[in-house]
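Worksheet: the structure to be examined is printed underneath.
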Amino acid sequence: MTKLGKIALAAALLLTPGNLDLAQSLDQASAKKRAIADLKEVAYAGNVNAQVQLGVIYLTGDGVAKDDAEAVKWLRKAADQDSPLAERYLAEMYFKGRGVPADNAEAAKWLRLAAEQGDAESEHNLAVLYTEGQGVPRNLKEAANWMRKAADQNFAAGQQGMGVLYENGDGVRPDPTEAAMWYRKAVDQNYVPAMNNLALLMATSKESSIRNPQAAIALATKAVAAGTNPDYLDTLAAAYFADGQNDKAVETEEKALTRDPENDSYKKAMQKYLAGTHGNR
C-alpha cells in the first residue's frame with residue numbers, strides 16, 4: 001500500500017522573497033540593505049505582506065543574519081492579522097522547533113487557521129496531520145475531508161493524497177478506480193509521487209480496467225527520470241515483473257537496493273523476482 005508523505009516544508013520558506021527588488025550589481029549588498037530598511041519601515045507600519053517577507057528574510061538570512069526568533073516575531077505579526085501564508089509558515093516553525101519550542105498542537109492550531117481560509121497547502125498538511133495523529137487526534141474521516149478540499153482546488157499533492165486515501169480505504173470506502181482517477185489528475189500536473197503511485201497501482205491491481213503493466217512501465221520510467229526516490233525504482237521493477245520482464249525487474253530492484261540496502265520491502269521483492277526469473281529458465 002502507498003503511504004501519505006510527511007508534511008513538506010513550505011517551499012517558499014526556502015526562497016528569496018520575490019517581491020523585494022534587490023539590485024544585481026556590484027553594490028548589491030548596499031542595495032539589499034536599503035531595500036530591507038524600507039521593508040522594515042513598511043512592516044512596522046503594519047503591512048502584512050511586508051511582515052511575511054521580513055519573516056522569510058530572517059529565516060533564510062538573505063541580507064541579514066539568520067535569526068529564527070526574529071522570523072517568528074514577524075510571521076506572528078502577520079498571522080495575527082489573519083494572513084494564511086504567515087499562519088502556514090508559523091505552523092512550520094512550530095513543527096520544526098525553529099525560533100520557538102517544537103509544539104505539534106500549536107502547529108496544528110495555526111495550520112487550521114490557514115486551512116479554514118482556503119489555503120490549499122494548509123488543507124493538505126492538516127489532512128496529513130489527521131492521518132498521523134500529530135497535534136490532533138487521528139481521524140481519517142477528517143483527513144479525507146481536508147484532503148478533498150485541497151484536491152478540489154487542483155492542488156496536486158491533495159489529488160495525490162485523495163488517491164492514497166481511496167486506495168487504502170482510509171476515511172473513505174476503498175475504491176481503486178477512484179484512486180486511479182485522483183492520481184491521474186496529479187499526474188496531469190507532472191506531480192512525480194503520483195506518477196509512482198499510479199504506476200504501482202496499474203502494475204499490481206486486480207481490476208482489469210486499471211491493470212496495465214506496459215503503461216505502468218512507461219509511467220514509472222518517467223518517475224525514475226524525474227526523481228531520486230528509490231521507491232520509484234522499486235515500482236518500475238514491479239511493473240517489469242507484472243509485464244513478465246523478470247530480468248529487468250531484478251536489474252531494476254538491484255538499483256533500488258543500491259540506494260537503500262537495508263530496505264526489507266526491496267529485499268522481499270528481489271527474492272520474488274529472482275524466483276520468477278529462475279522459474280522461467
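The values are calculated or read from the model by the stated rules, or taken from the named source; none is laboratory data. What you see is a predicted model, and the numbers here were worked out from it, not measured in a lab. A quick note on method: Cβ atoms are made from the backbone with ideal geometry, for glycine too, and the neighbour counts reach across all protein chains shown. In case anyone asks, the SASA skips ligands and DNA or RNA and just uses the protein heavy atoms, side chains included. Shrake-Rupley method; radii C 1.70, N 1.55, O 1.52, S 1.80 Å.
So which of Lys32, Lys66 is over 27 Å from Ala120 (Cα atoms) and not in a helix (DSSP H, G or I)?
Lys66
Looking only at the range 45-62, how many residues end up being surrounded by fewer than 23 Cβ atoms within 10 Å (Cβ to Cβ), of a type in the set (A, V, I, L, M, F, W, C) and part of a helix (DSSP H, G or I)?
So the answer is 1.
Between a residue in the range 48-74 that is at positive phi and any residue that is in a helix (DSSP H, G or I), which pairs come within a Cβ distance under 9 Å, given they are 6 or more apart or on different chains?
Short answer, once both residue conditions are applied: Gly63/Ala29; Gly63/Lys32; Gly63/Lys33; Gly63/Ala35; Gly63/Ile36; Gly63/Ile57.
Given (1) modelled with pLDDT of 95 or more; (2) among the β-branched types (Val, Ile, Thr); (3) not in a helix (DSSP H, G or I), where does Thr228 come up short, assuming only one miss?
(1)
Which members of the range 163-191 meet the condition of being aliphatic (A, V, I, L, M) and either surrounded by fewer than 21 Cβ atoms within 10 Å (Cβ to Cβ) or more than 23 Å from Thr221 (Cα to Cα) (or both)?
Within the range 163-191, Leu165, Val172, Met181 qualify.
As an exercise: evaluate Leu165 against (1) aliphatic (A, V, I, L, M); (2) under 17 Å from the mean Cα position of the chain (by Cα); (3) farther than 23 Å from Ser265 by Cβ and give the number of the one condition it does not meet.
Checking Leu165 against (1) aliphatic (A, V, I, L, M); (2) under 17 Å from the mean Cα position of the chain (by Cα); (3) farther than 23 Å from Ser265 by Cβ, the one that fails is (3).
Restricting attention to the range 227-274, which residues are exposed (fewer than 15 other Cβ atoms within 10 Å of the Cβ) and aliphatic (A, V, I, L, M)?
Once the filter is applied, which keeps residues that are exposed (fewer than 15 other Cβ atoms within 10 Å of the Cβ) and aliphatic (A, V, I, L, M), the range 227-274 yields only Leu274.
Are there any helices (runs of 4 or more DSSP H) wholly within the range 86-161 with 1 or more residues that are over 17 Å from the mean Cα position of the chain (by Cα) and over 26 Å from Val48 (Cα atoms), and if so which?
140-152
Please enumerate the residues belonging to the range 240-276 that are among the hydrophobic types (A, V, I, L, M, F, W, C) and either under 24 Å from the mean Cα position of the chain (by Cα) or not in a helix (DSSP H, G or I) (or both).
Scanning the range 240-276 gives Ala256, Leu257.
What number of residues within the range 198-225 satisfy the criterion of being of a type outside the set (Val, Ile, Thr) and either touching a Cys at 6+ places or on another chain (Cβ under 8 Å) or assigned to a loop (DSSP other than H, G, I, E, B) (or both)?
Of the residues in the range 198-225, 7 are of a type outside the set (Val, Ile, Thr) and either touching a Cys at 6+ places or on another chain (Cβ under 8 Å) or assigned to a loop (DSSP other than H, G, I, E, B) (or both).
Pick from the range 198-218 the residues that are open to solvent by less than 30 Å² (accessible area, probe 1.4 Å) and within 19 Å of the chain's Cα centre (by Cα): which of them is farthest from Ala179 (Cα to Cα)?
The extreme case among them is Ala199.
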